[in-house]
Each structure stands twice: as structure tokens, then as C-alpha cells.
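Each reported figure results from applying straightforward, stated rules to the coordinates on display, with no laboratory input. Keep in mind it's a predicted model, so treat the numbers as computed, not measured. Cβ sites come from the backbone with ideal geometry, for glycine too, and all protein chains shown count toward neighbours.
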């Protein structure tokens, strides 16, 4: 299982918040009015644009408690990509995810992710450093999490790939800057100490020199407005975020075949993301759109951005390219635009036909260049959500237009994603995809917004 650097963002349950159906209706009304203003070929009045922004700030159901997730979650996650051309690195994850609020004490929250050979945990303490600042102490480690697969010009080079094993200790501060607002603005500051040891896999070449085992000090900080739950196919999510990640290693230098590559002493990454996911009420059409951009200083193979594959929960920084091998493209900087749209095909709206795609412009890491800087991929398939939202299953076919295979462009893969929700199994069916709002109805907000937008 790939480990993300970030914390979980999740909505809380607040009896004063409106039902998600009412929230969706209000957002749809604002979108409709703005579209009508534009379609009449006149500039939308300031009240339309201000109202739309205010509506997002009031209504998007992403209210958080400064990053320590207060919602109980028990999930089984599985993802797998099977390439249909060539032989790529293993592209899969399987893990059990637990978030347990009020763990032993009311102010403690335990987050735990358990994979077959790896464990990642964090104990969160609410209001530890002030009324709006939470503390998290993390412990993680196990086998194969830091393994490296060399993919160059569409070829998976097993002779230059190797295993990596690590242990990590971290401390994080999560601060909420706007406690009076519905959409949270959170600051994150994390320090992490990690020790990584490398070993040969069964196919590593005898003359390939492994990088040195080393300790790494990580510094991670950023701002996130909004957020998304750590689930498959969220019904509603919105995020604007900016991040910095610094790595400082105790050992560095040349390795590989005849010292042809370098482990840098320090590397730095800067990236930002904009995301919107929404489910249109009544129609239950679900769409998402995201834009991610990133750059780096002193990147190497372990700190560069790696794009490719369709494994949305493999790590927090998801850089998917349908049809490509997992992490096929290695970039020092990039821009990635992704989108999806799903339409129900049955009256109960449990089955959907879905289409998705991504396009990326990349500046390659030295030594891993390809002839073109543009990459794109699309996919289509079906997804199923059980009546009580216990099961979510996605089966899709993906095509990578610019993926290189045997000197030519074009590659296909099969995508399988599965989520099992233990908590949903113990409750009645949710009113929508995420149980993030109380089922109490609030007509006052809807009427006020209708009056504001003049409907």
C-alpha cells in the first residue's frame, strides 16, 4: 500500500447543518441562475458571482474539526490495474482503514491503516495546543513500502528495480484558521523521521549498486481550504490547497549502473490542487474535476513526481493517467487536469456508467525523458453502489494515448476498485453517498438562497 503524506479531511455531523439534499438543491439553483445570466449574453451581475461564492462557503458539506477526523470509519479498500500491453510494475493496494474517535478518552482519535506488510497509524489529540489546534503523533513502518520500480520509455526495467523497507515517526499540528466558517481553512505542519533500508529483489541485476540506506528528515506544510473524505467515489468534495515538502537525507551519492544516477542530499517539492466533486440532485449524475500542478528543486528518483495508473486511494497526492503503468511518468514538474462523469442506468440508481480522463504536461526528470511532453488517457466502465452503501465497486477499461509500448504510442489497462464500509453495514441507508449531515431538514437556508438569487 502506498502511503500518503497527508492527513484525512472529513466532515463532522452538526445538528444545525442542512440536509445534503437541501445543500445540493441550493448549489444547483445558484449554478442555474449564473448560467441563465451568461446565456442571455449579458455580464452576470456582481450579486450573481458574490452569491455563488457565498453559497459555496455556506453550503458545501465539508465542515471539519482541524484535521483530526471526528467521524468513525471502518473501510476495506482494494484497487488493481492490469495492463493489457507489456509488463508493468505491480499496481495494486489492499488495506483496512479505521478512524476511531473517542479512543480511550474523548479528546483522542486513532487513525489506523493496515496493509499485508505495512502499518500506518496516528493518534490525534483534539485542542492539544489551543482551541483550534490539534496534535497528531504517528508511527508507521513495514516492508516494501519504499520499493522502487524503474520505468523508462514505457519499459519496466526489473534489473534496475529494488525493494525498500522503512520505519517512520511523525508529529503534526493541524490548525483551523476560520472556525466560524462552514468551509474549513486548515494549516498543516508536520515533521517526520524515517529510516529506509534497500534490498535486491529477485530480478535486480548483480552489477546494480543499491542506493545507501539512510535516515530522512521530512518537513511538510501547507494550507487546505475544504477537503475530501478518504473514500471511494465521494458524493461531494471541494478543495483548494498548496503544499511544500522537504527531504533531508543522512546519506547521499551515486548508485545504479556505473554510478549513472544520484540520491540527492536534499530535495524540495511545491504543489497545489483544486478539486470539485458533486452529485446533481434527483438526477444523481456525479462528476468531478481537478487541477494539480507541481514543481521541485533537486529532485531525484525518490522525490520526483510520478504519474500514471488509476489507483485513487494509493496515496494522498493522486496523479492518475488512465491506461498507463502505475507511476510510469517521472517528472520534475507537471500540470495535470482530470475529470469524470457518471450517469445512473437503473431506476434505483445503484448502477452507473462512468467516463473519466486526464491530460498532463510534464517536464521529465533527467535520464527519464520521452519524446513528447504531453500525456493523456481516458477510461469508461461501470460502477455499483449497494442499497445501503456497504459496497462500492468500479470496473473500467482505460486507454493511454501517449503511453509508449514497443516504440509506439498507445496502451490499455483494466481497472478494478472495491470499497467495503463496515459502518454503513450497521446503519440504515444514507440519504446520499456520504453520511456527513444530519437527516434534519432545514428549509430556511433554501428559502433564503432562493430569495437572494431572485427565484
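Working from label points 7 Å from Cα in the Cα-to-Cβ sense, the residue 348 to residue 265 distance is 6.3 nm. Taking 0.36 nm per residue of separation and subtracting the current Cα-Cα distance, fully stretching the chain between residue 395 and residue 177 would add 74.5 nm. When each of the peptides 379-392, 294-307 is scored by how many other beta carbons lie within 10 Å of its residues on average, the order from highest to lowest is 294-307, 379-392. Our summary of shape: the Cα atoms of the stretch 140-277 have principal axis extents of 60, 32, 25 Å, ordered from largest down, in whole angstrom.
What FRET efficiency do you get for residue 416 and residue 105 if R0 is 45 Å and r is their Cβ-Cβ distance, rounded to the nearest 0.05? Using R0 = 45 Å, I get an efficiency of 0.70. The protection proxy used here, the mean number of other Cβ atoms lying within 10 Å of each residue, ranks peptides 71-82, 338-349 as follows, highest first: 71-82, 338-349. Exposure proxy shown here: for 165, 87, the number of other Cβ atoms within 10 Å sets the order, fewest to most, as 87, 165. Extension gain, residue 94 to residue 240, is 49.8 nm, computed as 0.36 nm per intervening residue step minus the present C-alpha separation. In this rough spin-label picture, where each label sits 7 Å from Cα along the Cβ direction, the residue 257-residue 127 distance is 6.1 nm. If the segment from residue 363 to residue 223 were pulled out straight at 0.36 nm per residue, it would be longer than the present Cα-Cα gap by 47.9 nm. Highest mean first, the peptides 238-249, 88-99 sorted by other C-beta atoms within 10 Å per residue fall in the order 88-99, 238-249.
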